[in-house]
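Step one of this worksheet: look at the structure below.
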Amino acid sequence: MKNKKKICFFSPSSYELFCKTQQVSHGGAELQMYLLAKNLALNSEFEIIFFVGNYNQNKIEIVDNVKLIKALNLKKNENLFAKILKALKLFLLLIRHNPDVIISTTANSIVGIISFYKRIFNKKHVHRTAHLIDVDNSWISENGILGKIYKSGMLNADKIITQNEEHQQFLQKNYNLQSVVLKNAIEISEIK
């Protein structure tokens, strides 16, 4: 494991996709992170860790060669103090697990915390957009300081992945950021 590149995904609500016993709300962004992690785990050059939410599971579980680490749940309408505590917890988890690359998705101030970590410890950060509000400036302008923290994280990411050309154009127009389009993956069962 020492020579493997350690890639860390942060998508708390993706837990349900790995462990189908929970009732966790998730959407397309979580599905894409799950599929990407699961398929990267097939490559023996990578160690994949995935920070998931706290759903009363074990601290660490391994599913499909992905190490699931109980981290934190992100909730809307939390007070600033709760958000600061969660940011600190995430920062300490990143230090403890020491990933080489961190992959984040969606508009959230946590993206800024991840980018701050990567700058201090000389790591890599890949951010993936998942919705128009991630790139059209609406989330940033509507969320005050949290929006600015997200924007800082996005501006300092080493690479940005978009799911379509429209997101790519908004990133270029609004932030002068280059990105790579990676279309959404779909798992197809074997056709009989």
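The values are calculated or read from the model by the stated rules, or taken from the named source; none is laboratory data. Owing to the predicted nature of the structure, the values given are computational and were not obtained by experimental measurement. No Cβ is skipped: glycine too gets one built from the backbone with ideal geometry, and neighbour counts run over all protein chains shown. Please note that ligands, DNA and RNA were not included when accessible areas were found on the heavy atoms of the full protein model with its side chains. Shrake-Rupley method; radii C 1.70, N 1.55, O 1.52, S 1.80 Å.
Just a few scattered comments:
- Sequence-distant residues sharing a close amide H with Ser11 (under 5 Å, placed H): Phe51
- Distance between the C-alpha centres of segment 115-192 and segment 54-77: 22 Å, rounded to the whole angstrom.
- Take every DSSP beta bridge whose two residues both sit in the chain; close to 15 percent of them are antiparallel.
- Rounded accessible area of Phe81 (nearest 10 Å², 1.4 Å probe): 140
- Measuring against 19 Å, Cα to Cα, the residue pairs Lys6/Lys159; Lys38/Lys76; Lys75/Lys159; Lys75/Lys118; Lys4/Lys86 contain Lys38/Lys76; Lys75/Lys159; Lys75/Lys118; Lys4/Lys86 as the ones spanning a longer distance.
- Tail weight of P(r) past 27 Å, computed on alpha-carbon pairs of the chain, percent: 25
- Excluding ligands, DNA and RNA, the accessible surface per residue across segment 58-175 is 53 Å² with a 1.4 Å probe.
- Local net charge near Ile145, Cβ-Cβ under 13 Å (Lys/Arg +1, Asp/Glu -1): +2
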